[in-house]
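Contents: one structure, followed by commentary.
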Amino acid sequence: MAPGSRLRGLLIGTVIAGGLVVLVAAATIALVANRHHPVAEPPGSSPSPGRLVKTPGGVEVVEERRLGERRMELTLRSTAIDGLTKVRLLLPKGWSADSGRRWPTLWLLHGGLDDYQGWSKSDIEELTENVQVIVVMPDGGRCGSYSDWYNGGDGGPPRWASYHLKELLPLLERRYAAGTERAVAGYSMGGQGAMLYAATGNFRAAASFSGAVHILMPGVDLAVILGTTAGCPGTDWKRIWGDPRGDREVWRAHNPYDLAGELRGVRLYVAAGDGRRKQGEIFGDITEELAYKAARAFAGRLKELGVPARTHFYSGRHTMTYWNAELRRALPMLLDSIGAK
């Protein structure tokens, strides 16, 4: 089959399978289905007394809302992304911003076409109920790719990596009693983000579930382009990293496969399903199949470099059901790496 026909088939097959989601590194349009265990907001939740709090680093706290005993939601104004954004925190029992104590943090990054509430559909609240850890669930943009966008070489907003690492991270440490022991995990597009952020040296452990961990596998770059174009209408895909051929070094700089050597010393977990059609199903899951191939290649590269990683490859699809199961598998390692008990 000609490459163009193959890509059209990918697009059509995924649309038939269900809703669209961008897998910006396993590289195609993805289905985010099975919205697992939605977390209802408690009745009567309301913002804390509203005053804009200016902080160093280009970010302002516009609003704090307590959504229950442990849940806090922040609305922030970020210079890096030139606008308002939100982050949800799960606070440990006994947390107080002015106690003098610091808590380790677990960052959870969402996938394409999802938002900061994505991980609230998992079991994370139950799993950390009795753990002394702050869980950080930031927005990363529908097609943000956890990157500072190239914008034709001009840079400028949105700068998602700068927002997360240079604005939000210091803010949490200054104002919300976050410590310096950090781990990060993500699904789909967030899997790429987890590995990119771990490669900066800011995290002790990282986990990718069906993640975008090799965006330059042969043919996958075209699927990334299709995914961004169809998943975020009106967005010029070249704004993110430029053209994969003419601006290949920019793509390589955002490709976990090419940054594998920077992950030495980080505790790693890499997982993906094969996406194969099961008995009684009409279609397989091409998104998860691509994620599987990318994850296999990434794991192989880590092994070549002598960088240890725990892997789990299984029969499964690109849905929260499987990411929730992988979170359960990876969580003990992630928490142990930051001393959270």
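The values are calculated or read from the model by the stated rules, or taken from the named source; none is laboratory data. Just so it is clear, the structure is predicted and the values come from calculations on it, not from any experiment. Don't worry about glycine lacking a Cβ; one is built from the backbone with ideal geometry, like all the others, and counts go over all protein chains shown.
Residue under question is Pro233, and the condition is that it be touching a His at 6+ places or on another chain (Cβ under 8 Å) and not small (Gly, Ala, Ser); does it hold?
On the way: touching a His at 6+ places or on another chain (Cβ under 8 Å): no; not small (Gly, Ala, Ser): yes.
No, not satisfied.
Restricting to region 159-176, what's the tally of residues that are touching a helix residue (DSSP H, G or I) at 6+ places or on another chain (Cβ under 9 Å) and assigned to a helix (DSSP H, G or I)?
Residues of region 159-176 touching a helix residue (DSSP H, G or I) at 6+ places or on another chain (Cβ under 9 Å): 159-161, 164-165.
Adding the requirement that they be assigned to a helix (DSSP H, G or I) leaves 160-161, 164-165.
Residues meeting the conditions: 4.
Let's see how each residue does on (1) on the phi > 0 side of the Ramachandran plot; (2) under 20 Å from the mean Cα position of the chain (by Cα):
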| position | (1), (2) |
| --- | --- |
| Ala253 | no, yes |
| Glu289 | no, yes |
| Arg301 | no, no |
| Gly306 | yes, no |
| Arg310 | no, yes |
| Thr321 | no, yes |
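Where in region 47-158 are the strands (runs of 3 or more DSSP E), entirely inside, with at least 2 residues that are among the acidic types (Asp, Glu)?
In region 47-158, the matching strands (runs of 3 or more DSSP E) lie at 59-66.
Which of (1) crowded, with 22+ Cβ neighbours inside 10 Å; (2) closer than 27 Å to Trp103 by Cβ is the odd one out, the single condition Ile338 does not satisfy?
Here Ile338 meets the rest and fails (1).
Out of curiosity, is Thr200 in contact (Cβ under 8 Å) with a residue 24 or more places away in the chain, under 24 Å from Phe298 (Cβ atoms) and out of contact with any strand residue (DSSP E or B) (no Cβ under 8 Å at 6 or more places or on another chain)?
yes
Output the residues belonging to region 307-341 that are of a type in the set (D, E, K, R) and either in a helix (DSSP H, G or I) or more than 18 Å from Arg296 (Cβ to Cβ) (or both).
The answer is Glu326, Arg328, Arg329, Asp336, Lys341.
Report whether or not Arg175 is out of contact with any Gly (no Cβ under 6 Å at 6 or more places or on another chain) and farther than 17 Å from His254 by Cβ.
On the way: out of contact with any Gly (no Cβ under 6 Å at 6 or more places or on another chain): yes; farther than 17 Å from His254 by Cβ: yes.
Against the criterion (out of contact with any Gly (no Cβ under 6 Å at 6 or more places or on another chain) and farther than 17 Å from His254 by Cβ), Arg175 qualifies.
Kindly provide the set of residues from region 235-291 that are in a helix (DSSP H, G or I) and among the aliphatic types (A, V, I, L, M), ordered by number.
Ile240, Val250, Ala253, Ala260, Leu263, Ile286, Leu290, Ala291
Give the residues of region 273-306 that are surrounded by fewer than 24 Cβ atoms within 10 Å (Cβ to Cβ), closer than 16 Å to Asp221 by Cα and touching a helix residue (DSSP H, G or I) at 6+ places or on another chain (Cβ under 7 Å), sorted by residue number.
Of everything in region 273-306, just one residue is surrounded by fewer than 24 Cβ atoms within 10 Å (Cβ to Cβ), closer than 16 Å to Asp221 by Cα and touching a helix residue (DSSP H, G or I) at 6+ places or on another chain (Cβ under 7 Å), namely Ile286.
Go through Val213, Val224 for me and flag whichever is farther than 24 Å from Arg267 by Cα and either among the hydroxyl-bearing types (Ser, Thr, Tyr) or in contact with a Phe, Trp or Tyr (Cβ under 8 Å, 6 or more places away or on another chain) (or both).
Values: Val213 fails: farther than 24 Å from Arg267 by Cα.
Result: Val224 is the single residue among Val213, Val224 that is farther than 24 Å from Arg267 by Cα and either among the hydroxyl-bearing types (Ser, Thr, Tyr) or in contact with a Phe, Trp or Tyr (Cβ under 8 Å, 6 or more places away or on another chain) (or both).
If the Cβ limit is 8 Å and pairs must be 6+ apart or interchain, which residue in region 308-335 that is within 19 Å of Gln279 (Cα to Cα) pairs with which residue that is acidic (Asp, Glu) and outside any helix (DSSP H, G or I)?
That search, which allows pairs on different chains as well, returns Tyr314/Asp274; Ser315/Asp274; Gly316/Asp274; Arg317/Asp285; His318/Asp285.
Any residue at all in region 241-259 that's aromatic (Phe, Trp, Tyr), crowded, with 18+ Cβ neighbours inside 10 Å and closer than 21 Å to Ala205 by Cβ? Spell out how you get there, then give the answer.
Keep residues of region 241-259 that are aromatic (Phe, Trp, Tyr), which gives 241, 251, 257.
Of the ones still in play, those that are also crowded, with 18+ Cβ neighbours inside 10 Å are 241, 251, 257.
Remaining after also requiring closer than 21 Å to Ala205 by Cβ: 257.
Looking through region 241-259, at least one residue is aromatic (Phe, Trp, Tyr), crowded, with 18+ Cβ neighbours inside 10 Å and closer than 21 Å to Ala205 by Cβ.
Can you report the number of residues in region 54-108 which are at pLDDT 95 or above and either under 28 Å from Met189 (Cβ atoms) or touching a helix residue (DSSP H, G or I) at 6+ places or on another chain (Cβ under 6 Å) (or both)?
The number of residues fulfilling the criteria is 36.
Answer yes or no: is there a residue in region 182-191 that is of a type outside the set (Asp, Glu), touching a residue at least 12 places away in the same chain (Cβ under 8 Å) and surrounded by fewer than 23 Cβ atoms within 10 Å (Cβ to Cβ).
Checked against the condition, which is being of a type outside the set (Asp, Glu), touching a residue at least 12 places away in the same chain (Cβ under 8 Å) and surrounded by fewer than 23 Cβ atoms within 10 Å (Cβ to Cβ), region 182-191 yields no hits at all.
Taking the condition of being crowded, with 23+ Cβ neighbours inside 10 Å, more than 23 Å from Leu127 (Cα to Cα) and basic (Lys, Arg), how many residues in region 68-90 meet it?
0
Quick check on my filter: what residues within region 74-84 are touching a strand residue (DSSP E or B) at 6+ places or on another chain (Cβ under 6 Å) and closer than 14 Å to Leu171 by Cα?
Residues satisfying the conditions are Leu74, Thr75, Leu76, Arg77, Ser78, Ala80.
Give the residue that is farthest from Leu268 (Cα to Cα), with candidates limited to residues of region 136-167 that are within 15 Å of the chain's Cα centre (by Cα) and among the hydrophobic types (A, V, I, L, M, F, W, C).
Selected residue: Cys143.
May I ask you to verify whether Asp114 is closer than 30 Å to Asp247 by Cα and in contact (Cβ under 8 Å) with a residue 40 or more places away in the chain?
Numbers: closer than 30 Å to Asp247 by Cα: yes; in contact (Cβ under 8 Å) with a residue 40 or more places away in the chain: yes.
Yes, satisfied.
May I ask you to verify whether Gly211 is closer than 26 Å to Glu167 by Cβ, assigned to a loop (DSSP other than H, G, I, E, B) and not basic (Lys, Arg)?
yes
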